[in-house]
1. May I ask you to give the solvent-accessible area per residue for region 64-164, in square angstrom, as obtained with a 1.4 angstrom probe?
2. Among Leu62, Leu174, what's the order by accessible area (1.4 angstrom probe), most exposed first?
3. Provide the per-residue ³J(HN,Hα) series for region 141-155, in order, calculated from phi with Karplus coefficients 6.51, -1.76, 1.60 and θ = phi - 60°, each as a whole number of Hz, with x at glycine and proline positions.
Amino acid sequence: MPPNLIPSPLLSRRQLLACLPALAWPLAQAQPAEAPGPTLEGSSVDGTPLGLSGLRGRVVLLLYWSTGCAVCRDKMHEMRANVAGWQNQPFTLLGVNMDPRQADLASYEDLLRQTVPAAQRLRSVWAAGPSFTSNLEMPQQLPSGVLIDKSGSLVERYSGRIPPEAWDRIAELL
């Protein structure tokens, strides 16, 4: 092979360096893909649509719970008390009921209508319902929570009882 046809490492480096601006240009023009915020939509037992889409501009605590969870039921009074303290603030506590049977949630809500004022009842979507969609990972433990800020970004996750520090964090976000 003639010597002028043997590839030169120096020539290859020069060619590569000459191409770098052209290769980097598309990268410089590309905008980083924004990670999608949490999505969650569904309906209540009575068929009312509920979800995150209409709650932009509000701090939201999603509470994953079940009527069969003793800790969940025991802490509902605490949840209602905290929510009552922020009734005039841009805050929403939205339940995500994990009961396998809709009848269990319906029975619980019937009992609440008889014993708890309407303003203090937790509105919940039923996670097993046909209209339920979410890009959030389902919790491994109940109760669990997900805190979302006013811009719709996930801030924190809680597993087990919602800790007192979570309520402090909510106050900061308001």
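1. Dividing the accessible area of region 64-164 by its residue count gives 53 Å².
2. In descending accessible area the options line up as Leu174, Leu62.
3. 9, 10, x, 8, x, 9, 9, 10, 7, 4, 7, x, 9, 5, 9
The values are calculated or read from the model by the stated rules, or taken from the named source; none is laboratory data. For clarity, every value in this text was computed on a predicted model and none was experimentally measured. Keep in mind that these areas ignore ligands, DNA and RNA; they rest on the heavy atoms of the full protein, side chains included. Shrake-Rupley method; radii C 1.70, N 1.55, O 1.52, S 1.80 Å.
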